[in-house]
Amino acid sequence: MAGKTMTNVYLYTRFERLWHWCQALMVIFLMITGFEVHGLYTLMGFDTAVELHNFIGLFWLGSFAFFAFWLIITGEWKQYIPTTRKLFDVARYYAWGIFHGQDHPVQKTPGAKHNPLQRLAYLGISAMLLPVQMVTGLLYYLYNSLGGVSLAPIAFIHTLAAFLLVNFLIIHLYMTTTGHSLFSHIKGMITGWEEIRDTSKIQEWETKATRKT
Amino acid sequence: MKQTSQSAAATLLWTAVLFVAALMLVRPCAASVANAAQQEALGIKLAKQAVREDKHWTTVDHSKIEILNQDFTSGDQITQACLSCHTDASMQFKETIHWTWKVPSEKEGIMNGKAGHAVNNFCISGNAMEDKGCVSCHAGWNDIQGEVNCLACHGKEKFPFKETFADLAAFEGDDDPDLVEIVDDLHNGIQQAVQNITLPRRNNCGECHFKGGGGDGVKHGDLDTSLARPNRMLDVHMAEDGADFACTRCHTTVKHHIAGRLYTRPAAAERKSLIEDDMASKITCESCHSATPHKASTKMNDHTDKVACQSCHIPEFARVNPTKMSWDWSTAGKMKDGKPYEEKGDLGKAVYKSIKGTFAWAKNVVPQYYWYNGSFDNIGIKDKIDPQQIVEVSHPLGSPNDPDARIHPFKIHSGKQPYDKINQQLVAPLLSGPKGFWTTFDMNDAIMRGNQTLDVPYSGEFDYVETTYAFPITHMVAPAEKSLDCIQCHTRDNSRLAGITGIYMPGRDKFAIVDTIGLIAVLGALAGVTLHGLGRFFTRNGREE
C-alpha cells in the first residue's frame, strides 16, 4: 500500500449523481409505502401509502425511461457490459483479501467505473429485477382495466421482487463502506470526485469493452 | 478540494430542484382533489341529473271527483269508485307479489313467498295465510278476500276504516239526532280520507315494511320507523334535510309492479343506468350513480366491479332503532304463575316472550359480507335439511367468478326453530288463532295444524335446529364522509372481508412462501454484511498500524 500515490478522479457526472440519488429516494419510498400496502406495518395509512406508491411508481417508470435513453445516447451503457475477467479476483478480494490488507484488484477509472462484480449486479438489477418490478407494478396498477387478469400472481411476483430489492439495498449500502475509507464511496457519489490509486495506464482487461471512439 | 465542494453544492442544488419539481407534480393532484370536492364527482352529477326535482304533474284534484263525494259504507265501495276511473288498477295490483305474496320458485312444486312454501326464522310461515296475525299487512279490505284497498298505499292519512265502517253499520238508520250527527261525522271523515290521495309516501310503505316480522326493526335492520323522517346521517337519500326521496323515487313502478324485489331472481340482470332507461325494472345504486361514481381516476372507481356500493357506504345498520339479531323458539312456552309473561332487555325490547321464545337485539350492527349476484337460495317447507349443520334458510348466491356478483353487506338473523326429526324438513307451526301456539302453547299440535295448511306431511316428532336468514343491507346509506376507510378491509387482522374468498386483497392477503423467502433473504443479507463488517473491524482490514 505504501508508496503508491493517490489521486482524485472525477468519476460521476452531475447527471449520474442526480439520477442515482433520485432513484435511491424513489426506491426507498416505494419500499416504505409498498410494504405498508403489503400489510407489514402501519405508518401513513393504507390509502395514503397506495396513492404515494402509485404516484412514485409511475414517476419512476417515466424517469427510468429517460435514464435508459440517456444511457444509450451517451454510450454509458458500456459500463454495464458483463465480464468474467477479474470477476473471480474481485470475489476473492471481498472474501479474503479485504481482511488481509490486500489492494482491490480493480481500480475505478472514468472508463470503467464499475468492477466486474458491480457490472453483473447492476446489470441484473436494472435489466432484470427492476423491469420485472415495473411490469408487474404496471399490471398491478392497471389490472382492473385489463379484464380477466388475476391479481394474485402479479402480487406474488411484485412482492417477491420487492424483498429481493431490499436485499440488494442492504448489501449495496454495506458495500459503500468498503472503500479505502468508510465514506469514500459515498463521498464519491455525492461530489463526483473519488480518491483512487493512481492508474496512469488503462488496464488491459478494460480496453476492448469500454474503449471510447 | 474547492472544485469538489463546489460540485457537491451544485449536486445538492440540482437534487433540491428535482424534488421541488416532483413535488409540483404531486401538488396538482392535491389541488385537483380540493377542486373536485367543489366540482362534484361524475356519479353525484349523474345522480342529480337522474333525480332532478321531481315535478309531479298532477292533473287531478280528487276532491273534485263526483263519485268520491258519496257516503261510503264499505271498503269495496271505495275501491269501486277508484276503479271507475283507474279501470285496470285492481286487476294489475292483484297480479303483483304485494297481493299474492307468492312467487314461482326455480324448484319444482315449490312456490316462494309468504303465502307459499317459504319459511323464515321469525314467525316461520304464513301458513298459506291461515295465520291471521300475518295478514294485517295485506293490502285488502278484508284480509285476503275481496277488493284491493287502494288507500293502504295511496291514502295520505292513516284512517281507521275498519272501525269506522263497524260504527257506521251500528249507528246508521237510527233517528236519534245525536247519532245522525255522529254518522255524518263518520261519513265526512271517510270522504276526506278517500279524497286525500297521494303517491305512496315513506309512511305508506313503512306501515308494513318498517315493521316486518311483527314489530319495528324486527326483520331488516336497515328498514325501520327511524326512516320515516331520517336525518342526513341516517340516510342521505331519504333525509328531509337532504334529497328527501320517497321510496318510490328508487322503487319505480310499471303497472303496479314495484322494482327492487329480492326473492330468487337477480335484482339487476343488467347494470343499467336510470339515465339510459328511467323505467328500468330493477333498481341498483348504479341506476343513478353509474359504475364510476367517485372522482375520476380514484382507486374507489376500480372497486365497483367487485364491491357493492352498500359495502362501504352503509358502515353499520340499525343506527337509530335496535334490530332483532336472533330468535330461539326452543325456549317458548315457559309460564310464570301459570301465565305467559315477557322480559325486557337493555335496549327496551323484549328479550323473552312466552309465546315466542328468546330474542337478542342489537344497535349499530356491523354487517356480514358475502358474494351476491342478486339471487338468494331459500330453504322452503318442502326442502330436505341437514340438522347436523346450521341450516341457511335464506342465503345469498354468488361467487368471485360470477361477473354479476358483488361483495355485499347482510344482516344475518340466527334462529333456533322446530323441524321434523323423521322427515328432515323445517315445519310451519300455526301461531295465531284459537288453535294456534300463542293460545295453546302446544308446539306439536301447532306444527300438525300448520303443516296441514300447506299440505306438507308431519311425522309427529320435532326438535329444534339452528338456522340463519340473510337480509341484504341496502338502506341507511350514510353520507360519503362516513363511508368505510380502506383499512377496514385491507388489513391482516379483523378485516371486514376476512371471510371473502376467491380474490387477492392487498393488505389482507399474502403468500406465506414469499414472505418467508423474503424474510430469510433479508435476514441472511443482514447477517452476511454484519459478519463481513465484524471481520473487517477485527482484522482492521488487514492493515497493521
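The values are calculated or read from the model by the stated rules, or taken from the named source; none is laboratory data. Everything quoted here is computed from the prediction, not taken from an experiment. Note that we place each Cβ from the backbone using ideal geometry, even for glycine, and neighbour counts take in every protein chain shown. All accessible areas refer to the heavy atoms of the entire protein, side chains included, with ligands and DNA or RNA removed. Shrake-Rupley method; radii C 1.70, N 1.55, O 1.52, S 1.80 Å.
Got at least one residue in the range B:47-62 being away from chain A (no Cβ under 14 Å), open to solvent by 80 Å² or more (accessible area, probe 1.4 Å), closer than 26 Å to B:ASN301 by Cβ and modelled with pLDDT under 75? Don't jump to the end; show me each part of the working.
Here is the first cut: in the range B:47-62, the residues away from chain A (no Cβ under 14 Å) are B:47-62.
Then keep just the ones that are open to solvent by 80 Å² or more (accessible area, probe 1.4 Å); that gives B:48-49, B:52-59.
Now drop any that are not closer than 26 Å to B:ASN301 by Cβ, which leaves B:48-49, B:52.
Among the residues that remain, those that are also modelled with pLDDT under 75 are: B:52.
Yes - at least one qualifying residue is present in the range B:47-62.
Going by the conditions given, is B:ILE385 closer than 20 Å to B:ILE124 by Cβ and open to solvent by 20 Å² or more (accessible area, probe 1.4 Å)?
Numbers: closer than 20 Å to B:ILE124 by Cβ: yes; open to solvent by 20 Å² or more (accessible area, probe 1.4 Å): no.
No.
Does B:ASP377 satisfy the criteria of being surrounded by fewer than 23 Cβ atoms within 10 Å (Cβ to Cβ), at pLDDT 95 or above and charged (D, E, K, R)? Before the answer, list the steps.
Working: surrounded by fewer than 23 Cβ atoms within 10 Å (Cβ to Cβ): yes; at pLDDT 95 or above: no; charged (D, E, K, R): yes.
Taking the combined requirement at face value, the residue does not satisfy it.
Under 7 Å by Cβ, and 6 or more places apart or on different chains, what pairs join a residue from the range A:86-98 that is over 10 Å from B:HIS532 (Cα atoms) with one that is part of a helix (DSSP H, G or I)?
Matching pairs, first to second residue: A:LYS86/A:PRO116; A:LYS86/A:TRP205; A:LEU87/A:PRO116; A:LEU87/A:LEU117; A:VAL90/A:PRO116; A:VAL90/A:LEU117; A:ALA91/A:LEU117.
Looking only at the range B:504-514, decide whether some residue is at pLDDT 90 or above, open to solvent by 80 Å² or more (accessible area, probe 1.4 Å) and touching a helix residue (DSSP H, G or I) at 6+ places or on another chain (Cβ under 8 Å).
Of the residues in the range B:504-514, the ones at pLDDT 90 or above are B:504-514.
Filter once more, so that each one left must be open to solvent by 80 Å² or more (accessible area, probe 1.4 Å): B:510, B:513.
Adding the requirement that they be touching a helix residue (DSSP H, G or I) at 6+ places or on another chain (Cβ under 8 Å) leaves B:510.
Yes, because at least one residue in the range B:504-514 is at pLDDT 90 or above, open to solvent by 80 Å² or more (accessible area, probe 1.4 Å) and touching a helix residue (DSSP H, G or I) at 6+ places or on another chain (Cβ under 8 Å).
Mind listing whichever residues of the range B:162-176 are under 12 Å from B:SER74 (Cβ atoms) and in a helix (DSSP H, G or I)?
B:LYS162, B:THR164, B:PHE165, B:ALA166, B:LEU168, B:ALA169
Working only within the range B:216-243, note down all residues that are among the small types (Gly, Ala, Ser) and either in contact (Cβ under 8 Å) with a residue 60 or more places away in the chain or over 25 Å from B:TYR469 (Cβ atoms) (or both).
Residues of the range B:216-243 among the small types (Gly, Ala, Ser): B:217, B:221, B:226, B:228, B:239, B:242-243.
Passing the criteria: B:GLY217, B:GLY221, B:SER226, B:ALA239, B:GLY242, B:ALA243.
Only one of A:PRO131, A:PRO153 is over 28 Å from A:ASN8 (Cα atoms), in a helix (DSSP H, G or I), within 14 Å of chain B (Cβ to nearest Cβ) and open to solvent by 30 Å² or more (accessible area, probe 1.4 Å); which?
Working: A:PRO131 fails: within 14 Å of chain B (Cβ to nearest Cβ).
The match here is A:PRO153.
Scan the range B:491-526 for residues that are charged (D, E, K, R) and touching a Cys at 6+ places or on another chain (Cβ under 9 Å) and report the count.
Here the count works out to 2.
Return the total of residues in the range B:344-402 being more than 20 Å from B:GLY221 (Cα to Cα), free of Cβ contacts under 8 Å to residues at least 60 places away in the same chain and in a loop (DSSP other than H, G, I, E, B).
Going through the range B:344-402 one residue at a time, the tally reaches 6.
B:ALA152 versus (1) assigned to a helix (DSSP H, G or I); (2) under 30 Å from B:VAL391 (Cα atoms): which is the lone unmet condition?
(2)
What's the number of the condition A:MET44 fails, among (1) at the interface with another protein chain (Cβ under 8 Å from one of its Cβ atoms); (2) surrounded by fewer than 17 Cβ atoms within 10 Å (Cβ to Cβ); (3) on the phi < 0 side of the Ramachandran plot?
A:MET44 satisfies every listed condition except (1).
Report every pair of residues separated by at least 6 positions or lying on different chains whose Cβ atoms are under 8 Å apart, first residue within the range A:171-198 and more than 8 Å from chain B (Cβ to nearest Cβ) and assigned to a loop (DSSP other than H, G, I, E, B), second surrounded by fewer than 18 Cβ atoms within 10 Å (Cβ to Cβ) and among the hydroxyl-bearing types (Ser, Thr, Tyr).
Here the result reads A:PHE183/A:THR176; A:PHE183/A:THR177; A:ASP198/A:THR5; A:ASP198/A:THR7, each pair linking the range A:171-198 to a residue that is surrounded by fewer than 18 Cβ atoms within 10 Å (Cβ to Cβ) and among the hydroxyl-bearing types (Ser, Thr, Tyr).
Among residues belonging to the range B:485-503 that are open to solvent by 20 Å² or more (accessible area, probe 1.4 Å) and aliphatic (A, V, I, L, M), point out the one that is farthest from A:ASN54 (Cα to Cα).
Out of the qualifying residues, it is B:ALA498.
Restricting the range A:89-119 to residues that are among the hydrophobic types (A, V, I, L, M, F, W, C) and surrounded by 13 or more Cβ atoms within 10 Å (Cβ to Cβ), which is nearest to A:PHE168 (Cα to Cα)? It would help to see each step written out before you state the result.
First pass over the range A:89-119, keeping only residues among the hydrophobic types (A, V, I, L, M, F, W, C): A:90-91, A:95-96, A:98-99, A:106, A:112, A:117.
Right, trim to surrounded by 13 or more Cβ atoms within 10 Å (Cβ to Cβ) and you get A:90-91, A:98-99, A:106, A:112, A:117.
Details: A:VAL90: 18, A:ALA91: 17, A:ILE98: 20, A:PHE99: 22, A:VAL106: 21, A:ALA112: 22, A:LEU117: 13 Å.
Per the stated criteria, the residue is A:LEU117.
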